[in-house]
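These notes are about the structure you will find just below.
The values are calculated or read from the model by the stated rules, or taken from the named source; none is laboratory data. This is a predicted model, so every value here is computed, not measured. Ideal geometry is used to build each Cβ from the backbone, glycine not excepted, and the neighbour counts take in all protein chains shown. In case anyone asks, the SASA skips ligands and DNA or RNA and just uses the protein heavy atoms, side chains included. Shrake-Rupley method; radii C 1.70, N 1.55, O 1.52, S 1.80 Å.
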Amino acid sequence: MFFDYALVHVKFTIPLAGLLTFLIKPFLTYLDVTRILFLVTVAVTATIPWDSYLIRTGVWTYPEDGVLGASLFSIPVEELFFFVIQTYITSLVYIFCNKPILLAQYLTTREARPEWVRQGKAFGQFLFVALTAFGGYLVIQNDQRTYLGLILAWACPVLCMTWSLSGDLILALPWTSTVLPIMAPTIYLWFVDELSLRQGIWTIEDDTKLGSQLFGKLDLEEAIFFLISNMLVVFGLLAFDKATAVHDAFPELFPQPSSSVPIMSLLRARAVPSSQYDMQRIVGIQESVARLQKKSRSFHIASSVFPGRARIDLTLLYSYCRLADDLIDDAETPEEALNWISKLKGHLDSVYCAPKAANVGHFIRANFPPSAHSALNLLPTHVISSEPLYELLEGFRTDVEFKMSDRPPIQEEEHLELYASRVASTIGELCLDVIFHHTLQKVENKRALYSAAKEMGIALQYVNIARDVVVDAKIGRVYLPTSWLEEEGMTTEMVLKKPTGPQIDVMRRRLLGKAFQRYRNSRPAMDLIPKEGRGPMIVAVESYMEIGRVLAEGGLRVEGKATVPAWRRIGVVWKTALRNF
Ligand SMILES: CC(C)=CCC/C(C)=C/CC/C(C)=C/CC/C(C)=C/[C@@H]1[C@@H](COP(=O)(O)OP(=O)(O)O)[C@]1(C)CC/C=C(\C)CC/C=C(\C)CCC=C(C)C
């Protein structure tokens, strides 16, 4: 049939590329687009001489009526398009699979690598060198193994190079970041190829192939070709990403954020010997990511759409806030909790107030358990201002007061507002500090933005309280104002005993109403946030407000805690990103 090869694209590759573009476009950054273009250019340039040789020497043939007719160096345009679209598809799958991962946490110095990673990397290097030599040998033999030889001799030197650059990272990453983006497009292309071979759209000549099939008509060499070419794409992207991760992880070595430097300068980060990596910082980043992942699904999902360095700083900030909150919540007595507050203040004093020579590290080691060290050491104090942090600690004092006196600290609505502004408006301010620090844009209206961020913080805290009435009651806390309880004919003791029922639902709705009012007041200001942080910040806020929406709909509860189903969380992130990125 005429134009069969073009039809393969129309039916199989273009629709998949279109679907992936539709799904992933909202999350694509400038850096993503740059590296896809870079990789497509490299892939096309590197494949043309090889493919042209294959066609001119008759390893591959195409029936004349199966192709459009236009060609470059004997390569049909459809084939050239295949290099482009395959690289594009695999890159998108890779980017999709890797968004949730903060790559910097997988960087290691040679000494810090587990033995199996060191040996695996060396084995990979040996394997690719051996396969290159074997491929060369097969080409020289010039028999049925020629096509296999050409594939190996062409691809394995490049694989060896990219593996040498980032084999340690490839081995350390979860399989969903490496094997999945290689295998998913490979398997899809195997089926497309099998169909094409079955229909005779292209043919591999019998003299130059082994004659064994993986399945159906799919020749073993073709299966290996798609596997290896997708490995080339993924290894190439990983080598690129390793440079970005190094750049983002070590602001002391690279003051500019990765999103603002030209691609070639970025690759210079790759040249930094791993012996210069600050492993204490990397371990701290790992611990912070683990804390975020374990403690907050909303912020963890939202963190994946922030650009590299802002993402690291927000994760470190989260880790500090969570640690401080947990130290106080988990204290056995109110006195112990107050002691933690004063130690945390001491830490802030040593960072922000003491003369430069003050030994912050020593203070941390002397006063906090080892599990707290990295969160305190890595709090990005060069990026955030001190006042909101002191204020946050003041807010935690209210939590302690629940245990200290018979009179609950939240008597009136204004007490609730003060509490929320201390523990959450402060977080809004700190988040803005991070974004302002990492933007290259000159920010107008900073004052208005800070004031909206404070308002939004209160909205999120109200949602948090509305969600956690049961959970909080279990630890002796009722954040609903006593005056509201009285209006519903209840007392604090009654809520502590039975934190559910129609009166609680009325008060929860009242609180949610106030949360949404504040959300509506402050949401328009978010459009003025610098572009690097605007979309991700909106995603973070919307993901959290979704908990409020689920609650308002009387939604799902697990052990008294409203949960947003995973599909709904992902939907919110996707829709928000589509509108705001
Ligand atoms: C993406 C990312 C990693 C963001 C990190 C945000 C961050 C630093 C959060 C701090 C969390 C924390 C532990 C604070 C201690 C006090 C506390 C408990 C506050 C409550 C947060 C809930 O956190 P939790 O871990 O309990 O989460 P789960 O409910 O378990 O999922 C709060 C509800 C406060 C959250 C408040 C904010 C994030 C501020 C929101 C405001 C903005 C983002 C600014 C918007 C800007 C404009 C201009 C309007």
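Annotations
- Atom-type composition of the exposed protein surface of the chain places 60 percent of the accessible area on carbon and sulfur (1.4 angstrom probe).
- Rg/Rh (Cα only; Kirkwood hydrodynamic radius) as it applies to the chain: 1.06
- Counting only protein chain heavy atoms and rolling a 1.4 Å probe, the accessible areas of GLU444, GLU64 rank, largest first, as GLU64, GLU444.
- The tail of the calculated P(r) for region 124-197 beyond 17 Å holds 60 percent of all Cα-Cα pairs.
- Counting only alpha carbon atoms, the long axis of helix 308-329 and the longest principal axis of the chain meet at about 40°.
- Heavy-atom accessible area per residue - the chain, 1.4 Å, Å²: 45 Å²
- Considering helices alone, the calculated mean residue ellipticity of the chain at 222 nm is -22500 deg cm²/dmol, with DSSP H runs of length four and up weighted by -39500 (n - 2.57) and normalised per residue.
- Our note on the geometry: Cα centres of region 353-392 and region 57-111, 48 Å apart.
- Under 30 Å between alpha carbons - lysine pairs in region 437-581 that sit 8 or more apart or on different chains: 25
- Counting every alpha-carbon pair across region 23-139, the share separated by more than 16 Å comes to 75%.
- With Cα atoms defining each centre, region 144-162 and region 232-295 are spaced 30 Å apart in the structure.
- Length released on extending from ALA290 to SER274, taking residue separation times 0.36 nm less the Cα-Cα span: 3.4 nm
- Modelled FRET efficiency - R0 25 Å, ARG520 with VAL443, Cβ distances, 0.05 increments: 0.60
- If you take the alpha carbon atoms of region 51-116 and fit the smallest convex hull around them, that volume is 179 Å³ per residue.
- Cα centroid of region 437-502 to Cα centroid of region 319-350, whole Å: 21 Å
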